[in-house]
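Here the structure is laid out as structure tokens; the discussion comes afterwards.
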Number of protein chains: 2
Amino acid sequence: MSQRRALAIHGGAGSFARESFTAERWAAYDAGLRAALVAGFGRLDRGGSALDAVEAAVRVLEDEPLFNAGRGAVFSHDGINELDAAIMDGASRAAGAVAALRHVRNPVSLARLVMERSPHVLLVGTGAEEFALEHDVPLCPRAWFHTDARYAQLLRARAGDGSVADQLDYFGTVGAVALDGAGNLAAATSTGGMTNKRWGRIGDSPIIGAGTYAANDSCAVSATGHGEYLLRATVARDVAARMEYRGESVTAAARAVIGERLTNLGGEGGLIALSRDGEFAVAYNTRAMFRGVIDSDGRLETGLFSD
Amino acid sequence: MSQRRALAIHGGAGSFARESFTAERWAAYDAGLRAALVAGFGRLDRGGSALDAVEAAVRVLEDEPLFNAGRGAVFSHDGINELDAAIMDGASRAAGAVAALRHVRNPVSLARLVMERSPHVLLVGTGAEEFALEHDVPLCPRAWFHTDARYAQLLRARAGDGSVADQLDYFGTVGAVALDGAGNLAAATSTGGMTNKRWGRIGDSPIIGAGTYAANDSCAVSATGHGEYLLRATVARDVAARMEYRGESVTAAARAVIGERLTNLGGEGGLIALSRDGEFAVAYNTRAMFRGVIDSDGRLETGLFSD
């Protein structure tokens, strides 16, 4: 296993001001990011696959109420938490995704089951939960996803108080990308979507090519931001396409997709990407993006604002 | 309005044998394709937009029971018709999509409403139908979508008789791409999905970048085939990406995406695409694909098998 191993994660992007984000608040997020990095990289260190690593890392972030995914999911307009997730295997380009779940604690793991145990890629709503039950995934009560902080955000959003300082509360997402000892890439993304979303809205996270993409011949990508724009810009696939069709580095491709393609469309967001050589890229056009990276060369970093 | 105007449509791709498809059967499909071409091109001729044209053409195909969309939708495993559609405006790259509808006669028109009247791109299930009601789109009873031919296909599929001769019944889709007098492109796709689909399965049709994509700087694309593969290969966006990033013609890009990218992944399907110059491309790796094209130079053609 001489191949370089690496795992990168993100916990959402937003445009809140640096001064509003206290050291104490950062310490809590930083601990969550580091727990996810350690859990995911532990898989890689024990010979696990990139798929195992991204699933493990995202599960930690789903269980951490600070992030908008799993337990910390935001509320829809109707006061319900509806969860979306996707996973993609760069080796086979197999993919699985789930959306509009209401009773699944770890959507990323259900997405992996869809990939590995169904003939389909994307399952939604009660049908996806029926699939979960048929594969012995227990459903949990909706109360698991109720956090007072998120509910307060919904009440503020319904009252029309969508201040910029709160923007992270609206568009958060978590995700991971990994490169394993066998040289395989994988990506996963999970989200509660957008505070106050309506009418069964689904964003980019569970959409292959938009929020999530992985192919061994280019890179693995997980995106976050205003999902409608990320969908229209097919951001995750575009990072890979620029590498494949233009020969760009993962860093150049990530910067162009966020700095030009997404920005020109008027969208806000960011992404993390990992090339097959283990090169890590992060790009965002918001003020901040929660992210972290760990690799077999001993790198272990987390970050939020630009340096 | 000296700009060239063009509309192309498709009615699905499949690998049934030429000898099994009688002249009488073709005559019925051909009439349906021509009705859609005339309806859509009539909009362009009266100065309508590419969006108007693709919506009008797809509505005709949705109302024609021969095609797997709208009225002629296939049945899911549970004996229900669940409909998906998307539309995209090449000028603004705005997009709208709906999935898992059960009571909307013309899903493509609801997709357009989502694009124009909601802050979201993709709405699913009962939420999408709630949105329809709020915008005065009447719901129809499920009986509208019941056709004996499709129900018989479900019974055969459930019995495990998924013969190749019936493949078109499983993966049909309809779609349209148009170029209007102002030089704008648009694309739309609509489907009943896959016979015997389960668990709230959604395919490529309503996914921007997979089954549907349009951008004025490259092309408009609508795809059809085994949706899971089209999703993983992000086929619609890839045609545009090859034009944008490699400078390929729409014909070369369409052939590469179907003949190499989709085929190498093991998927079957096809697509139609129209460039901003009005160049029309069709590509498929199945034996046959229903399609037609009409333009302001007087071209009016329909086709099924390769020549």
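Couple of notes before you dig in:
- Alpha-carbon centroids, the stretch A:196-234 and the stretch A:59-88: separation in whole Å: 15
- Listed residues A:Ala281, A:Ala252, A:Ala86, most fluctuating in chain A (Gaussian network, C-alpha, under 10 Å): A:Ala252
- Loop-resident trypsin sites (Lys or Arg not before Pro) (DSSP state other than H, G, I, E or B) in the stretch B:242-307 with no more than 14 further Cβ atoms inside 10 Å of their Cβ: B:Arg299.
- Anisotropy class assigned to the stretch B:6-303 is rounded, per the alpha carbon gyration tensor with a/c under the 1.5 cut-off.
- Size of electric dipole in the stretch A:6-303: Cβ of Lys, Arg +1 and of Asp, Glu -1, about Cα centre, debye, nearest 20: 460
- For the stretch A:175-180, the Karplus equation 6.51 cos²θ - 1.76 cosθ + 1.60, evaluated at θ = phi - 60°, returns couplings of x, 8, 9, 9, 10, 9 Hz by residue, with Gly and Pro reported as x.
- Using Cβ point charges alone (K and R +1, D and E -1), the dipole size of the protein assembly as shown about the Cα centre works out to roughly 60 debye.
- Each residue of the stretch A:15-23 is assigned a 3J(HN,Hα), and the resulting list reads 10, 6, 7, 4, 5, 7, 9, 6, 4 Hz, derived from the Karplus form 6.51 cos²θ - 1.76 cosθ + 1.60 (θ = phi - 60°), x at Gly and Pro.
- For chain B, the relative contact order works out to 25 percent when only alpha carbon pairs closer than 8 Å and six or more residues apart are counted.
- Per residue of A:112-124, other chain Cβ atoms within 10 Å of the residue Cβ number 5 on average.
- Within the stretch A:200-307, GluC sites (Glu not before Pro) in DSSP loop having at most 11 other beta-carbon neighbours inside 10 Å: none
- Inter-copy spacing of A:Glu134 label points, which lie 7 Å from Cα along Cα→Cβ, given in nm from shortest upward: 3.2
- Amide H contacts of B:Ala100 (H built 1.01 Å from N, under 5 Å, at least 5 apart or other chain): B:Leu83, B:Asp84, B:Gly125
- Across the identical copies, how the B:Arg158 labels are spaced - nm, sorted shortest first, 7 Å along Cα→Cβ: 4.2
- Distance in nm between pseudo-label sites at B:Ala159 and B:Ala31 (7 Å out along the Cβ direction from Cα): 3.0
- B:Ser306 versus B:Thr251: modelled label distance in nm, points set 7 Å from Cα along the beta carbon direction: 1.5
- Copy-to-copy label separations for A:Ala17, where each label sits 7 Å from Cα toward Cβ, in nm and ascending: 7.5
- Loop-resident trypsin sites (Lys or Arg not before Pro) (DSSP state other than H, G, I, E or B) in the stretch A:1-102 with no more than 12 further Cβ atoms inside 10 Å of their Cβ: A:Arg46.
- Estimated 222 nm signal from helices in the protein assembly as shown, with DSSP H stretches of n ≥ 4 weighted -39500 (n - 2.57), rounded to 500: -10000 deg cm²/dmol
Bear in mind these aren't lab numbers, they're just calculated from the coordinates by the rules spelled out. Bear in mind that the values here come from a model prediction, so they are computed numbers and not experimental data. In this analysis, Cβ positions are derived from the backbone assuming ideal geometry, glycine residues included, and neighbour counts consider all displayed protein chains.
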